[in-house]
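Take a look at the structure below.
The values are calculated or read from the model by the stated rules, or taken from the named source; none is laboratory data. What you are looking at is a predicted structure, and each value in this text was computed from that prediction instead of being measured. Counting neighbours? That spans all protein chains shown, and the Cβs are built from the backbone with ideal geometry, glycine included.
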Amino acid sequence: MQEQIITKNQCKICDEKSCAVSALKEDELELMSRNSSQVHFQEEEMIFKQNSPASHIIFIKQGLVKEHMSGPNKKDQILKIVKGPAFLRVASKLKYNINSYSATTLTESKICFIDIGVFKDLLFKNSSFSYEVLISVCEDGLYCFDKFVNQTQKHIHGRLADALLFFSSEIYNDSHFTLPITITELADLIGSSRESVSRCLQTFKKEEIIGFNGQKICMNILDKTKLQIISKAG
């Protein structure tokens, strides 16, 4: 593991500000700058660990991060893949003083650690900032509802189609991309087994919906419309 590079934030001139931080006044931006740091992470480095103390709000400035949680059987489950710029589940940080899940980088990333006390203070003082943070919290909640319904009501073909469309549209904005996770992790993400996902990928390939190769799967979505139909049908 390479040594992490820690720098002080300059929120006022940052090009990756969230909508919430963009709503802060100049003195509030200065306050946030004094009470936050930017850390440069390499690929596959843990940002924070489940059940560890939560003293900071986490903002992904650049990069790709997986949120994951260990359940009662100690099996690790991927909750969500998050692309910066974005906050990581603000609600859980504000409510509890421990991290309810873990976060690990999937790519080289720049992560901002914002003092949670200062963040709460800004929520009380600036209504526009609070509103934008609330929107982020609502989006997290709606994502969880949508994922729960899909995983309980869709067959594996529909769930896998959802995941591939998510990576294509939300993460890479391209039909050609390399999956940032393994087949096993992809199975965890959609609530299935590695064997079932592998068989489903081969079916999609045989039907010329997708093309892929390599140990790190280089994906090519050949028929996005058909994939969308599978996703909708479930």
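Per-structure values
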read-out: Number of the exception - Lys95 against (1) at positive phi; (2) without any contact (Cβ under 8 Å) to a residue 24 or more places away in the chain; value: (1)
read-out: Meets criteria (more than 16 Å from the chain's Cα centre (by Cα), more than 25 Å from Phe148 (Cα to Cα) and not aliphatic (A, V, I, L, M)) for Pro53; value: yes
read-out: Neighbours by Cβ (under 6 Å, 6+ apart or cross-chain): first from the range 119-131, in the same structural domain as Phe59 (by TED's automatic domain parsing); second surrounded by 17 or more Cβ atoms within 10 Å (Cβ to Cβ) and among the charged types (D, E, K, R); value: Leu122/Glu28
read-out: Glu16 vs. criteria of a type in the set (Asp, Glu) and closer than 19 Å to Ser136 by Cα; value: yes
read-out: Qualifying residue in the range 145-158 (condition: assigned by TED's automatic domain parsing to the domain that holds Ala20 and within 30 Å of Glu30 (Cβ to Cβ)); value: no
read-out: Pair list, Cβ < 7 Å and 6+ apart or interchain, from the range 213-234 residues that are touching a residue at least 24 places away in the same chain (Cβ under 8 Å) to residues that are part of a helix (DSSP H, G or I) and exposed (fewer than 14 other Cβ atoms within 10 Å of the Cβ); value: Gly234/Gln153
read-out: Members of the range 166-207 that are without any contact (Cβ under 8 Å) to a residue 12 or more places away in the chain and over 17 Å from Ile230 (Cα atoms); value: Tyr172, Asn173, Asp174, Thr182, Thr184, Ala187, Ser193, Arg194, Glu195
read-out: Number of the condition not met by Ile135 [criteria: (1) over 15 Å from the mean Cα position of the chain (by Cα); (2) within 21 Å of Lys216 (Cα to Cα); (3) modelled with pLDDT under 95]; value: (2)
read-out: Selection within the range 12-64 - in contact with a Cys (Cβ under 8 Å, 6 or more places away or on another chain) and hydroxyl-bearing (Ser, Thr, Tyr); value: Ser33, Ser36, Ser37
read-out: Some residue of the range 116-126 being in contact with a Gly (Cβ under 9 Å, 6 or more places away or on another chain) and modelled with pLDDT of 90 or more; value: no
read-out: Strands (runs of 3 or more DSSP E) enclosed by the range 68-183 - at least 1 residues per element that are of a type in the set (Phe, Trp, Tyr) and in contact with an Asp or Glu (Cβ under 6 Å, 6 or more places away or on another chain); value: none
read-out: Condition check for Phe59: in contact with a helix residue (DSSP H, G or I) (Cβ under 7 Å, 6 or more places away or on another chain), in the same structural domain as Ser22 (by TED's automatic domain parsing) and under 18 Å from Glu132 (Cβ atoms); value: no
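Listed here are the residues, each with its yes/no results for (1) of a type in the set (Phe, Trp, Tyr); (2) under 25 Å from Glu170 (Cβ atoms); (3) touching a Gly at 6+ places or on another chain (Cβ under 8 Å).
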| site | (1), (2), (3) |
| --- | --- |
| Val39 | no, yes, no |
| Ser52 | no, no, no |
| Ile60 | no, yes, yes |
| Gly71 | no, no, no |
| Gln77 | no, yes, yes |
